[in-house]
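Report on one structure; see the data block that follows.
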Amino acid sequence: MKKVWILLLALCLTLACVPSLAQGNVLRYGVDADAAGGFDPHTISAVASMRMIGQMYNQLVDVDENLNVIPELATSWEQPDDMTYIFHLAENVVFHSGRKMTAEDVKYSFERILNPDTGALGNSSSYVGDIDMVEVVDDYTVKITLKNINAPFLANLSSSYCSIVDKDVVEANGGSLLLADGGTGPYTLGEWIPDNSVSVKAFADYFDEAGKATFDAIEFYVMTDASARLAALRTGAVDLIVADTAMLDLVKDDANIQTISYQSRNYTGLFLNVNRAPFDNPLVRQAINLALDREEIIDFAFNGKATVSGFVPASLGHWAVDVTENEYYTQNIEKAKQLLAEAGYPNGFETSIIVGLLDSIRDMGLVVEQQLSAIGIKVEVKDVERGQYLDAWNGHDFDIMVCQNGAGSDPSRAVAFFFKTGSSANIQDYSNARVDELCELAVATSDAAVRETYYKEAINIILDDCIVAIVASPQEYFLASTALHDFAPNASNANNFAGVTLVK
C-alpha cells in the first residue's frame, strides 16, 4: 500500500507556526514536533528537544559516524587500568554564563547524573551508572573510577545524557535546566514559544574553532503537518525541513529543493506489555509477530524507504543479527492462529495500540490493526497527544505501544538499556535472568569478539521471547533549499550544523 499525499499550499498560510522571513544570517528549520518538557540534557530524551540540546551542550568525548570515540571537552585521556579513566580537559572552554569550565564542573555534572533525585537518564550501566568516584586531579584533569569494568563506558560518555553542565546555572534555577541554559555549546538558548518555535543563538566564545556557529541563530519552527512544512520550504519561509518519505516524489523534479538522507540507527515497532494478559503469554506474543507483514508496513508507513530490522539495526555493523533468519519475522497467518488457539484464544481477543508523536508511528498502527484482524485480534488504535503518549511510555501504561527508539552507538544501549530487568527504558517490564547475565558479562570484558558473542545470544533470546515486534529501521530525510551548503547529517549526529552555510 502507498500513502497518498495531497499537498495543500494554502494550509501553510493558515498555521500560526509559519514564520515570517527572518533577518540576518539565520537558519530557519521546520520541524515535526515541539520540544517536549524543556532542554535539560540529563533528563530529556525526546528527539524534538534533542535538536536544540545538541546545539547547546558538549560532552567529554564524541563518536564519529564510524563509531570511533573522538575528543570533545576532553582533549585526551588515558586508562591506567580497566576501571580508571583520566581525562585531560581543554583549557579554553567557557560556559554560556561566561564562566570558565574546570574539572570541578565535570565532577558536579556526573554527581548530578548519579543523584537519584535528578531522575537522570544517564544513571544506568548503559551510560555512567557504574561510576564509583569522580576526583578532581587539578583544574583541567579529572579522574573517574568505576565500580565494575564497563567496556563501552568511553563511548557512553558521548551521549547528551552525559553533558557537562554549569553548576551555578543549575543551582540558580532550583536544580533544573528545563528552561535554563547551562551549556558550553556553539549556540545558546534563545526564546521558546511552546507549540510554535524555539531559537538558539550563536555563542561567540565557543572553544572549538572548527565547530563554531556559522549562523547568527537557528530558528526551529514547529509544523506538525508535513504538507505545511513542504509548503513553507517552497515559499522560502524556511530553509530546511524534517521530511516525510511521502514528500520525495513531490520534490523530485523541483530544481530549487535538495534531498538529504542518511541511514539511521533508529528502529520502529510494537512493544508488548508483558505485565498484562494476554501479553504475558509467549504464545500470544509469537502469534502477533507472525501476523505481521513487515514489508507491507514499510510500504505504507515509510513509503518503502526503510529496511526490515530488529532492535539492533544493521547500521550497528557486526553487533547486529540477521533478523530475517528468525522464524517470527516471516508472516505465517495459519501458525499465528494455531498459537492463539493453544494460548486459549481461538477466537482472538480485543486490545488497544497507543500511537502518537510521528506520522510513521501513527501509520504503522493503522496497518497493524488490519494485519492483526486476520488472526482475530480486534485492535483499537489510540492516537494520543504528545503528553499522553509520554505519560503512557513513562508509566508503562499500555497494552501495545508503537515506539521509535534509538539503538545508540553500542549494543549496551540497544540491548541492556531497553531490555535488562529494571532498566529505565524497559517499558514493557521484561525480565529474563539469562539476558541480564549476558548484559553484565558483556560490559565486563573489553574483548570485542567475546562481547559480540554475549550480545548476540541475548538478542536472539529477546527475539524468540517476542516481547517486541520490531518492524523497520528507516532512512531519515531532510529537504532543503539549494542555498543550504555542506549539511551532511549522519546517524551519530543528525543535526550537525558546523560548517554549514546559506548562500543566497
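The values are calculated or read from the model by the stated rules, or taken from the named source; none is laboratory data. Remember, it's a predicted structure, so these values are computed and weren't measured experimentally. Cβ coordinates were reconstructed from backbone atoms using ideal geometry, including for glycine residues, and neighbour counts include every protein chain displayed.
Below are the figures for this structure:
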| read-out | value |
| --- | --- |
| Selected residue (only one of C17, C12 is more than 22 Å from the chain's Cα centre (by Cα), crowded, with 21+ Cβ neighbours inside 10 Å, at pLDDT below 95 and within 30 Å of D249 (Cβ to Cβ)) | C12 |
| Residue satisfying condition, being in contact with a Cys (Cβ under 6 Å, 6 or more places away or on another chain) and at negative phi, within set K420, K378 | K420 |
| Search result, residues across the stretch 264-275 that are farther than 20 Å from F300 by Cβ and not charged (D, E, K, R) | L272, N273, V274, N275 |
| Residue count for the stretch 40-80, restricted to those that are part of a strand (DSSP E or B) and more than 15 Å from I164 (Cβ to Cβ) | 7 |
| Residues of the stretch 252-289 that turn out to be touching a residue at least 60 places away in the same chain (Cβ under 8 Å) and either loosely packed, with under 15 Cβ neighbours inside 10 Å or not in a loop (DSSP other than H, G, I, E, B) (or both), as a count | 25 |
| Checking E72 against (1) free of Cβ contacts under 8 Å to residues at least 40 places away in the same chain; (2) acidic (D, E); (3) within 18 Å of G211 (Cα to Cα), the condition it does not meet | (1) |
| Residue list for the stretch 203-213, restricted to those being in a loop (DSSP other than H, G, I, E, B) and either in contact with an Asp or Glu (Cβ under 9 Å, 6 or more places away or on another chain) or hydrophobic (A, V, I, L, M, F, W, C) (or both) | F203, A204, F207, D208, A213 |
| Any hit, the stretch 227-243, residues being surrounded by fewer than 21 Cβ atoms within 10 Å (Cβ to Cβ), modelled with pLDDT under 95 and within 17 Å of D32 (Cβ to Cβ) | yes |
| Selection status of S423, in contact (Cβ under 8 Å) with a residue 40 or more places away in the chain, in a loop (DSSP other than H, G, I, E, B) and under 20 Å from N266 (Cα atoms) | yes |
| Output for the stretch 410-450, where each listed residue is surrounded by fewer than 24 Cβ atoms within 10 Å (Cβ to Cβ), at pLDDT below 90 and of a type in the set (G, A, S) | G422, S423, S424, A425, A444, S446, A448 |
| Hits in the stretch 467-501 - residues which are crowded, with 18+ Cβ neighbours inside 10 Å, assigned to a strand (DSSP E or B), in contact with a Leu (Cβ under 9 Å, 6 or more places away or on another chain) and of a type outside the set (S, T, N, Q) | V468, A469, I470, V471, Y477, F478, L479, A480, L484 |
| One residue from L441, L390 being under 15 Å from the mean Cα position of the chain (by Cα), assigned to a helix (DSSP H, G or I), within 29 Å of C162 (Cβ to Cβ) and of a type outside the set (D, E) | L390 |
| Residue in the stretch 369-378 that is free of Cβ contacts under 8 Å to residues at least 40 places away in the same chain and touching a helix residue (DSSP H, G or I) at 6+ places or on another chain (Cβ under 7 Å) present | yes |
| Cross-chain or 6+ apart pairs with Cβ under 8 Å, the stretch 493-504 first and at pLDDT below 90, then buried (at least 17 other Cβ atoms within 10 Å of the Cβ) and part of a loop (DSSP other than H, G, I, E, B) | A494/S264 |
| Hits in the stretch 339-364 (condition: small (G, A, S), part of a helix (DSSP H, G or I) and modelled with pLDDT under 95) | S360 |
| Selected residue [part of a helix (DSSP H, G or I), closer than 18 Å to G269 by Cα, of a type in the set (D, E) and not assigned by TED's automatic domain parsing to the domain that holds Y161] from D464, D429, D436 | D464 |
| Among residues of the stretch 290-330, those that are buried (at least 22 other Cβ atoms within 10 Å of the Cβ), at pLDDT 95 or above and in a loop (DSSP other than H, G, I, E, B), counted | 1 |
| Failed criterion for V368 (all others in (1) in contact with a strand residue (DSSP E or B) (Cβ under 9 Å, 6 or more places away or on another chain); (2) within 20 Å of D464 (Cβ to Cβ) hold) | (2) |
| Residue that is farthest from A46 (Cα to Cα) [pool: residues in the stretch 328-364 that are in contact with a Leu (Cβ under 8 Å, 6 or more places away or on another chain) and among the charged types (D, E, K, R)] | E342 |
| Residues that are on the phi > 0 side of the Ramachandran plot and surrounded by fewer than 19 Cβ atoms within 10 Å (Cβ to Cβ), drawn from the stretch 451-466 | none |
| Restricting the stretch 244-279 to residues that are farther than 30 Å from P411 by Cβ, touching a Lys or Arg at 6+ places or on another chain (Cβ under 9 Å) and hydrophobic (A, V, I, L, M, F, W, C), the residue that is modelled with the lowest pLDDT | A246 |
